[in-house]
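Peer 1: After the structure tokens below, expect a handful of questions from me.
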Amino acid sequence: MKDKNFWNKDLVSTAVLESFIKLNPKTQFRKPVMFVTLVGAAMVTAGIIQKLPHYSGFEFQIALWLWFTVLFANFAEAMAEGHGKARAESLRKSKVEILARLLENGKETKVPASQLRKGDTVVCEAGDPIPGDGEVIEGIASVDESAITGESAPVIRESGGDRSAVTGGTKVISDRIVVRISADPGQSFVDRMIALIENASRQKTPNEIALNLVLSALTIVFLLAVGSLKLFADYSATAGGQDLSAIVTVPVLVSLLVCLIPTTIGGLLSAIGIAGMDRLVQRNVIAKSGRAVEAAGDIDVLMLDKTGTITLGNRMASAFVPALGVTEQELAEAAQLASLADETPEGRSIVVLAKTKFQLRAKELHPHEARFIPFSASTQFSGVELLDTERKPARKILKGAIAAIKVECGGKFPSELDKAQAGISNQGGTPLAVIDNGRVLGLIHLKDIVKGGIKERFSQLRKMGIKTVMITGDNPLTAAAIAAEAGVDDFMAQATPESKLARIRLEQASGRLVAMTGDGTNDAPALAQADVAVTMNTGTQAAREAGNMVDLDSNPTKLIEIVETGKQLLMTRGSLTTFSIANDIAKYFAIIPAVFGALYAVNGGAGPLSVLNVMRLHSPQSAILSAIIFNALIIVALIPLALRGVKYIAVDAQTLLRRNMFIYGLGGIVVPFIGIKLLDMLISAVGLVG
Amino acid sequence: MNKFEVSQIIFYITTLVFLARPLGSYVADALEAKSVAQGRIFGPIENLIYRLCGINTGEQMNWKGYAGALLAFNVLGFLAVFLLQLFQRYLPLNPNGSGPIEWALAFNTAVSFMTNTNWQSYAGETTLSYLTQMLGLTVQNFLSAATGVAVFAALARGLSGKQTSNIGNFWADITRFTIRVLLPLSLFVALLLLGSGVVQTFKPNAVVKTLEGAGQAIPLGPAASQIAIKQIGTNGGGFFNANSAHPLENPTPLSNFIEMLSLLLLPVACVFAYGRMTGNKRHAHILLLVMFTIWAVGLGLALYSEYSASSTIGGSALMEGKETRFGVTNSVLWAVSTTAASNGSVNAMHSSLSPIAGGVAIFNIMLGEVIFGGVGAGMYGMLLFVLLTVFLCGLMVGRTPEYLGKKVEKREIQMAILGILAPSAVILVGAALTCAVTSALSSLSAKGPHGLSEILYAWSSASGNNGSAFAGLNANTAFYNIGLAIAMLIGRFAVIIPCLAIAGSMGGKLPCPLSAGTLPTDTPTFGVLLAAVIVVVGGLTFFPSLALGAIVEQLLMLKGAAF
């Protein structure tokens, strides 16, 4: 959340209006702490109205600040909703009513997109918006998904395979596809996303429910403590032969109660939840439920696909291994020639490696100079035939799998290369052999390139107590080498859908929570089994249905951020709860001596309990007023923290606990002492009360 | 305070831990029936009991079954004590001819002994027959302690169990604990006490001629046997009205030391037993350290208050209500321990303690009897606080809280909160009610803040199942007898039932392995937080009432006004 947008004028004014609408007791009843505050405010106000036209300025101010306390809490919630709604609004714009070209019995009719039902097929051509979520069943097209993902580069969507899912509201920029609609109106991802943001306050997560219980219980205890205090005060007044009725009044007791009950966290609780969801959406992740986000914070095991997550999608040439009597440069030159026409990433990486290592510039070959031999699955090699001036084949350079080249060279495969190729395999690489007119020149070492910075991410995860498991279809040797390089804790080689599922079940049976990312249809069973399953938006419809979150950016490392968001959500709640309760200590020291300072006083002097007035507050009334004002203002002061979340750092639980306890526990004790004292000085200076 | 007194406190703690540690292992083995040697010695007696009562010890109970058995057993115990009191006149062993007890008092006493509270609205020596004392009260002294340990054992099993909602067999638990631990231990302590001069006889009261020539009846009775279990089982109900301040109940400094030792022995042993039963000794040590720290701070505060108060009151030691053979330090040490341990026996009158020392005693009880607490009861109460702390810590580190590898979820939090807050609520409501009822206020012997302390103490003592009295309050009225009995029932069963429910729900959970993301519960950091949660919850709940009672009284006393 950027600072300049945070206190956006429109947002604030809407939120102010909302704060009043939310005063509806029905709305407040769901938040027991704020409900008690509301009832208290109403009681004090009713008392004042009853006594009209006489009124006490002190009581009037108390009533005012009690109402402010409720309003500030409403404002916090409204601000959080406002930020979410702004995002939903921009999403909704992508849902402007569009006409879909419905295909029925080979005939096209135009119908509004909102009338499409699951199973309908529609046609989309260049320029057409895609009317709803669905699956491409025919054709291939490039699609602009920027409305959803914010990513401007178009993506390819085609029938079959893992890139067949399309999202409503995106736009076809080229070609023609036929899409089978997979969601009824109101069920599409955009709909769900909007609903999620707008309803975040309504669905409570398990942890939130438990916290709410604790807060309600505290509220009840403080109700009893303050209620019984009234009777204890009456007893003491009788015993001391004093009249305390001027200070032990309903407004004062209500002030004490509202100060004690955890209004800070009670007021900010729903805002924290909404803001957590919003943070996730900002990261372009749609969670299907708040429960999933919370579960993300508890993840013990993270299962990540190797390709695209841990390594760059493709293998790259990393070294040339020449045969005896061949220089490396010779080999590089031949390999480059053989790869000139190879448009695969692997082929291009060979050209690039030769260029960077030996400054070999890729030659421009004209068709009359050369004939390219494309790669085929049956030959397992590709290459080039250089032609002489009579356009007869003069030189044939091939590169390909070891087995294919062995056949090609007629059994004259150098033995030292045999050893070398085994070495490459052991390191997790893939060897390619290069053969020039039947003579084996050497090997090219292709390897997976581990993404930059990924190792650091994994070590962060380890500190957080999360185990990473790499899933790959590679053989165990290759997998082990990449696992070691990437720094994952464990790997699964030659993974099949069944083995992935079995692995997740195994981890879960030993009590661990498992998160997984995936995109293919064959991932769907494992995704459905995982506790937190993040599907790539580019994934198939089956995968997207199986997961409980969808990453619109299709960036598999996003899972790490999701985990952080989940943890942050809990931490913010916990820290503010601690802060809220710690505040009570100072409030007691403000209010108890204020109310009972004169108790058992002899000859009008200061009573014994006035020594508890450690803050040296000006007068009983200013002390009570400062406490209640502090209590209200702290809610507003903490809104930014509630919406942004407590900062998460990747350290072990104990260190994190000490840090947060120090800041919010100790801070919660100290801050109100200072705050109340300052407010008291201000109040007595301005002369608000006697 | 002199060096001798300080070294005596240190000697006391050292001996206590030294003895409690092996006893803890013994208790754990007894509850889990693990030790072959124990089985050989006690097995035959237990099997006889099982056969007579038709108990199948192999039958495992889920939490509802366990709670049902526990409640049924407690109702039986209640009825036995209740009826014995009503009909003691017609029953044997009544040499002093004690008459029938009025029903409200009988109800109060029966509830009191069933709940391990042992609040006494009556004076033992003048009201109850020897039969009622021995067959009613002494038996309940054993069984109420065993009930507490059974709940503790069930909770320990639930927390450490692996995916089973069965938490043990209640009948086997109470039988084993009574036969293997309580009986031998109290026999041993009774003999020690006999040796140091505590009376044990069936003879009626002795009548002697005083120096003035008047006749004085000196109450006697089978005291030693009851006092041993009263101390061992954190019961606290004295044979004589003056409890352990009475010269025939606690005659010498040595008997005083033995009684103080047995007062905290089993509660401390239970902590060690917990470590052994859950296989997490370091965590148990942290719990013990937390208890000791809060206890020691309370003791320090109370001692400071006693000794500093003496300078305002003419420089002599505050000896009102204390026995000269024990002195100030031993009286305060006992007072702080007995209120921490939910024992409730006294060797000095708490009403006469300096206000803050009395306040420490009240606050110890208000904390929920978790600083050592009752036998078994202290540990299960403490575990509720542990769960609450774990929950708050879990939130602070951004992870669903876990305890001993199991997730702590809504249901456990709900139950823990109920168990922690129900007794506190009873104290506040009861004390407030008393202030509102004029007739109830006429029971007070002191006015002003001290009177408020008397009220708070009575309700705390009842709902904390402590049973000690502040003295001064005449509690033998229908209002207090019935009100306090209700407080005792809530204070006991509104904690036990949630504990068993937690045992059941945690037992069914799958323990997950520890990782760096899990918050360890066996570190000093956790200990500090646990202590903070206990003190803050107690402090926030009771600060206003203590301010108007003990705190203002101390401040007034320093200005020279006493109540």
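Where a number appears in this text, it was derived from the coordinates with a stated rule and is not lab data. A quick note: this is a predicted structure, and the numbers were derived from the prediction, not measured. Note that each Cβ is placed from the backbone with ideal geometry, even for glycine, and that neighbours are counted across all protein chains shown.
Peer 1: Counting alpha carbon pairs within less than 8 Å and at least 6 residues apart, what relative contact order, in whole percent, applies to chain A? Present the calculation step by step, with values, prior to reporting the outcome.
Peer 2: On the way: 1291 pairs, mean separation 100.1, N = 690.
In percent, rounded to a whole number, it is 15.
Peer 1: Follow-up question, since we're still on this one. When the chain is fully extended, how far beyond the present Cα-Cα distance does A:LEU678 get from A:LEU223, taking 0.36 nm per residue of separation?
Peer 2: So the extension gain works out to 161.0 nm.
Peer 1: How high is the relative contact order of the range A:374-522, in percent, counting Cα pairs under 8 Å that sit 6 or more residues apart?
Peer 2: Details: 199 pairs, mean separation 21.8, N = 149.
Once normalised by length, the contact order is 15 percent.
Peer 1: Please compute, for peptide A:605-617, the average count of beta-carbon atoms on other protein chains lying within 10 Å of each residue's beta-carbon.
Peer 2: 2
Peer 1: Quick one: helix A:57-93 against the long Cα principal axis of chain A, what's the angle to the nearest 10°, folded into 0 to 90?
Peer 2: 20
Peer 1: Using only Cα atoms, tell me the angle between helix A:497-509 and the longest principal axis of chain A; keep it within 0 to 90° and round to the nearest 10.
Peer 2: 30
Peer 1: Now a separate question. Roughly how many nanometres apart are two label points built 7 Å out from the Cα toward the Cβ at A:GLU104 and B:THR57?
Peer 2: 7.9
Peer 1: Would you mind counting up the charge near B:PHE526? Only other residues with Cβ under 13 Å from its Cβ, with Lys and Arg at +1 and Asp and Glu at -1.
Peer 2: Details: positive: A:ARG658, B:ARG282; negative: B:GLU402, B:ASP522.
Value of the local net charge: 0.
Peer 1: Return the sequence-ordered ³J(HN,Hα) values of the range B:414-422 in whole Hz as given by the Karplus equation 6.51 cos²θ - 1.76 cosθ + 1.60 applied to θ = phi - 60°, using x for Gly and Pro.
Peer 2: So the J values, rounded to whole Hz, are 4, 5, 4, 4, 4, x, 7, 8, 4.
Peer 1: So between B:GLN8 and B:LEU558, what do we pick up on full extension, going 0.36 nm a residue minus the alpha carbon distance? Display every interim value, and only then the final one.
Peer 2: Numbers: separation 550, 0.36 × 550 = 198.00 nm, distance 2.87 nm.
Between B:GLN8 and B:LEU558, full extension yields 195.1 nm more.
Peer 1: Let me ask something else. Place a point 7 Å from Cα of B:TYR304 in the direction of its Cβ. Which residues in the range B:349-367 have their backbone N less than 16 Å from it?
Peer 2: Taking a point 7 Å out along Cα→Cβ of B:TYR304, the residues of the range B:349-367 whose backbone N falls under 16 Å are B:354-361.
Peer 1: Something else now. Using label points projected 7 Å from each Cα along Cα→Cβ, tell me how many nm separate B:LEU83 and A:ASP388, to one decimal.
Peer 2: 12.4
Peer 1: Within the range A:504-537, find all residues whose amide N lies under 20 Å from a label point positioned 7 Å from the Cα of B:LEU510 along Cα-to-beta-carbon.
Peer 2: Within reach of a label on B:LEU510: A:504-517, A:524-534.
Peer 1: Calculate, for B:LEU211 and B:LEU433, the FRET efficiency according to 1/(1 + (r/R0)^6) with r their C-beta to C-beta distance and R0 56 Å; round to the nearest 0.05. Could you put the intermediate results ahead of the total?
Peer 2: Details: r = 48 Å, r/R0 = 0.85.
E between B:LEU211 and B:LEU433, to the nearest 0.05, is 0.70.
Peer 1: Mind checking the full-extension length gain between A:LEU633 and A:LEU324? Use 0.36 nm per residue of separation minus the Cα-Cα distance, one decimal, nm.
Peer 2: Details: separation 309, 0.36 × 309 = 111.24 nm, distance 8.05 nm.
Roughly 103.2 nm would be gained on extension.
Peer 1: Something else now. Suppose only helical runs count, i.e. DSSP H with n ≥ 4. What mean residue ellipticity at 222 nm does that imply for chain A under -39500 (n - 2.57) per run, divided by all residues and rounded to the nearest 500 deg cm²/dmol?
Peer 2: On the way: 24 runs with 350 residues, N = 690.
The helix contribution divided over chain A gives -16500 deg cm²/dmol.
Peer 1: Between B:TYR50 and A:ARG283, how high is the FRET efficiency from 1/(1 + (r/R0)^6) when r is the Cβ-Cβ distance and R₀ = 45 Å? Nearest 0.05. Could you put the intermediate results ahead of the total?
Peer 2: On the way: r = 63 Å, r/R0 = 1.40.
Using R0 = 45 Å, I get an efficiency of 0.10.
Peer 1: Say R0 is 22 Å: what FRET efficiency, to the nearest 0.05, do A:ASN437 and A:LEU312 get from their beta-carbon distance? Numbers along the way, then the final one.
Peer 2: Numbers: r = 34 Å, r/R0 = 1.54.
Efficiency computed from Cβ-Cβ geometry: 0.05.
Peer 1: Considering only DSSP states other than H, G, I, E and B, which trypsin sites (Lys or Arg not before Pro) in the range A:618-687 qualify as loop sites with at most 13 other Cβ atoms within 10 Å? Before the final figure, lay out each step's value.
Peer 2: On the way: sites: A:ARG644, A:LYS647, A:ARG658, A:ARG659, A:LYS677; in loops: A:LYS647.
Here the trypsin sites (Lys or Arg not before Pro) that fit, given the DSSP loop and packing criteria, are A:LYS647.
Peer 1: Continuing with the same structure: Once you list every other residue whose beta carbon is under 11 Å from the beta carbon of A:VAL321, what net charge do they have if Lys and Arg are +1 and Asp and Glu are -1?
Peer 2: Details: positive: A:LYS419; negative: A:GLU328, A:GLU416.
Charge balance near A:VAL321 sits at -1.
Peer 1: With each label point set 7 Å from Cα along the Cα-Cβ vector, what nm distance links A:SER499 and A:GLU18?
Peer 2: If labels sit at A:SER499 and A:GLU18, their model points lie 5.0 nm apart.
Peer 1: Sticking with this one: Per DSSP H run of n ≥ 4, the term is -39500 (n - 2.57); total these for chain B, divide by its residue number, and report the mean residue ellipticity at 222 nm rounded to 500 deg cm²/dmol. Intermediate values should be presented prior to the final figure.
Peer 2: Values: 20 runs with 351 residues, N = 563.
About -21000 deg cm²/dmol.
Peer 1: Relative to the longest principal Cα axis of chain A, at what angle does helix A:189-199 sit, 0 to 90 degrees, rounded to 10?
Peer 2: Around 20 degrees separate the two axes.
Peer 1: What's the center-to-center distance, using Cα atoms, between the range A:382-425 and the range B:439-462 in Å?
Peer 2: If you average the Cα positions of each part, the centres end up 102 Å apart.
Peer 1: Okay, moving on. Report the GluC sites (Glu not before Pro) located in the range A:21-111 that are in a DSSP loop and have at most 10 other Cβ atoms inside 10 Å of their Cβ, or state none.
Peer 2: Details: sites: A:GLU59, A:GLU77, A:GLU81, A:GLU89, A:GLU97, A:GLU104, A:GLU108; in loops: A:GLU97.
When the GluC sites (Glu not before Pro) of the range A:21-111 are filtered for loop state and at most 10 Cβ neighbours within 10 Å, A:GLU97 remain.
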